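Participant: Quick one: structure below, then a few questions.
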Amino acid sequence: MEQILAACRAELERGGAVVALTGAGVSAESGIPTFRGKEGYWTIGSREYHPQELATFEAFERMPWSVWAWYLYRRGVCLRAEPNAAHHALARLDAALSGRFSLVTQNVDGLHRRAGSPDARTYPIHGDITQMRCAADCTVERWPIPEEVGDVPRGEDVPEAWQKLLVCPRCGGMARPHILWFDESYDEPRFHFDSVLRLARRAALLLIIGTSASTNLPWHVVRLADGVGATLVDINIEDNPFGDIASRTGGVVRQPAAEAVPALVEHFVEYLGHRVG
Ligand code: APR
């Protein structure tokens with residue numbers, strides 16, 4: 001661990017940009033299932049629906065209210081969850097690094113924001129489960145799902161009264177969850193694609209937390225940051241492909257995020273404090 005801390009201190013000393021890339025593992029200790037873990041949404045989901053089948057625009061066109069029911073069920077799980085020590089530690093790191101820290105998250109649960117990570121430096125690259133947008137893309141704007149739309153228990157239908165509220169405020173047409181689906185592509189206005197690539201190219205220290213390296217843009221982020229000589233640290237309870245890359249520069253920490261991230265941030269803040277003091 002000392003070797004990892006020394007590598008991180010050296011980057012902090014150089015004053016470069018720090019980026020955190022988070023996945024479902026950072027919210028696991030808040031009680032939100034991951035996707036590919038034993039009780040993961042895709043692992044469990046596969047008994048009823050194949051993930052590619054459910055989380056797609058194609059499925060939404062074919063069975064919009066089944067897809068809405070699934071996301072309103074998951075939204076309920078996220079709204080009942082609380083940010084954990086890892087979310088709070090990353091918000092603290094943002095404050096300590098005043099402007100040179102950015103947070104790229106694959107999570108749609110909104111827990112980073114609720115922990116205090118500022119929207120200006122937080123990039124949700126797979127959307128936000130509390131938001132909706134026009135299903136016909138009459139605009140790229142998105143809106144909070146109305147509060148009157150409550151929680152749909154798993155396997156139940158969306159009540160008609162709520163269906164009437166899930167409309168685009170601009171064109172009056174159907175609204176859809178603001179989520180990046182498997183048959184869709186990243187872009188800038190909805191998913192911060194170009195902004196996140198820019199961050200990766202400027203990163204000096206990249207903290208990779210709780211992801212299985214299963215989606216596209218995170219691979220770009222890790223490869224670009226590694227390519228510009230950034231120090232990479234992978235925090236995960238299991239080995240994963242990003243850990244193999246990180247082991248060449250910073251290293252890997254095989255501990256739960258809610259334990260490892262606060263400890264790392266405490267070390268950074270203390271070090272920065274001594275530097276300033
Ligand atoms: N602390 C740290 N890591 C953890 C913890 C924990 N407490 N619990 C689980 N993990 C790790 C797992 O070992 C795994 O590597 O978190 C990772 C979760 O992996 P996935 O379930 O695949 O989630 P993620 O990597 O975020 O998935 C990426 O795939 O399906 C899409 O859009 C969805 O954003 C999601 C994306």
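Participant: Beyond 36 Å, what share of the Cα-Cα pairs of the chain is found? Please give it as a whole percent.
Facilitator: Values: 6304 of 38226 pairs.
Result: 16 percent of Cα pairs exceed 36 Å.
Participant: If you average the alpha carbon positions of the stretch 129-169 and of the stretch 1-40, how far apart do those two centres end up, in angstrom?
Facilitator: A separation of 32 Å, based on Cα centres.
Participant: Continuing with the same structure: With an 8 Å Cα cut-off and a minimum separation of 6 or more residues, compute the relative contact order for the chain in percent.
Facilitator: Contact order relative to length: 24 percent.
Participant: Against the longest principal axis of the chain, how steep is helix 216-227, in degrees 0 to 90 to the nearest 10, with axes from Cα atoms?
Facilitator: Computed tilt is about 10 degrees.
Participant: Just the number, please: percent antiparallel of the DSSP beta bridges in the chain, rounded to the nearest 5.
Facilitator: So the antiparallel bridges amount to about 30 percent of the total.
Participant: Let me ask something else about it. Along the principal axes of its C-alpha atoms, what lengths does the stretch 127-277 span, in descending order and rounded to whole Å?
Facilitator: Extents along the principal axes, in whole Å: 56, 36, 30.
Participant: One-quarter of the Cα convex hull surface for the stretch 112-160, in nm²?
Facilitator: Mean shadow area of the hull around the Cα atoms is 5.2 nm².
Participant: Ok, one more. Suppose R0 equals 51 Å. What FRET efficiency, 1/(1 + (r/R0)^6) with r the Cβ-Cβ distance, do residue 163 and residue 1 give to the nearest 0.05?
Facilitator: 0.45
Participant: Right, here's the next one. Please label the shape of the stretch 192-277 as rounded, prolate or oblate, based on the square roots a ≥ b ≥ c of the eigenvalues of the alpha-carbon gyration tensor (a/c under 1.5 means rounded; beyond that, a/b larger than b/c means prolate, else oblate).
Facilitator: Oblate shape, in that a/c is at least 1.5 and b/c is the bigger or equal ratio.
Participant: Once all Cα-Cα distances of the stretch 37-147 are split into 5 Å bins that start at 0, what whole-number percent is in each one?
Facilitator: So the P(r) values, bin by bin, are 2, 10, 16, 21, 18, 14, 10, 5, 2, 0.
Participant: Restricting the calculation to Cα positions, tell me the Rg (one decimal) and the Dmax (whole number) of the stretch 80-212 in Å.
Facilitator: 16.6, 51
Participant: Which Cys in the chain stand alone, with every other cysteine's Cβ at 4.7 Å or more from theirs?
Facilitator: 8, 78
Participant: Compute and list, largest first, the equivalent-ellipsoid semi-axes of the stretch 153-221 from the alpha carbon gyration tensor, each √(5λ) rounded to a whole angstrom.
Facilitator: 34, 17, 10
Participant: Normalising by the residue count of the stretch 1-130, find the relative contact order in percent from Cα pairs under 8 Å and 6+ residues apart. Display every interim value, and only then the final one.
Facilitator: On the way: 146 pairs, mean separation 35.6, N = 130.
Relative CO of the stretch 1-130 lands at 27 percent.
Participant: Rg to Rh ratio, the stretch 78-130, alpha-carbon atoms and Kirkwood radius?
Facilitator: Reported Rg/Rh (Cα atoms, Kirkwood Rh): 0.95.
Participant: Only bridges with both residues in the stretch 1-154 count here: give the DSSP antiparallel percent, nearest 5.
Facilitator: 25 percent
Participant: I would also like to ask the following. Counting only the backbone N, which residues of the stretch 58-88 are under 15 Å from the spot 7 Å out from the Cα of residue 216 toward its beta-carbon?
Facilitator: Residues 58 qualify, since their backbone N sits under 15 Å from the label point.
Participant: Ratio of Rg to Rh for the stretch 225-264, alpha carbon only, Kirkwood? Walk me through the intermediate numbers first.
Facilitator: Values: Rg = 10.2 Å, Rh = 10.3 Å.
My calculation puts Rg/Rh at 0.99.
Participant: Computing the accessible area with a 1.4 Å probe over protein heavy atoms, can you report the carbon and sulfur percentage for the stretch 99-234? Walk me through the intermediate numbers first.
Facilitator: On the way: 2870 of 5730 Å².
Its accessible area is 50 percent carbon and sulfur atoms.
Participant: Determine, from the Cβ-Cβ distance of residue 239 and residue 266 and an R0 of 25 Å, the FRET efficiency 1/(1 + (r/R0)^6), rounded to the nearest 0.05.
Facilitator: Values: r = 25 Å, r/R0 = 1.01.
Taking R0 as 25 Å, the efficiency between residue 239 and residue 266 is 0.50.
Participant: Then there's this: What number comes out for accessible area per residue over the chain if the probe is 1.4 Å? Units Å², please.
Facilitator: 44 Å²
Participant: With a cut-off of 8 Å between alpha carbons and a minimum separation of six or more residues, what is the relative contact order of the stretch 198-277 in percent?
Facilitator: Averaging sequence separation for qualifying contacts and normalising by length gives 26 percent for the stretch 198-277.
The values are calculated or read from the model by the stated rules, or taken from the named source; none is laboratory data. Note that the structure is a prediction, hence the values are computed from the model and not measured. Methodologically, a virtual Cβ is constructed for each residue, glycine included, from the backbone with ideal geometry; neighbour enumeration extends over all protein chains shown. The accessibility values were calculated without ligands, DNA or RNA, using every heavy atom of the protein model including side chains. Shrake-Rupley method; radii C 1.70, N 1.55, O 1.52, S 1.80 Å.
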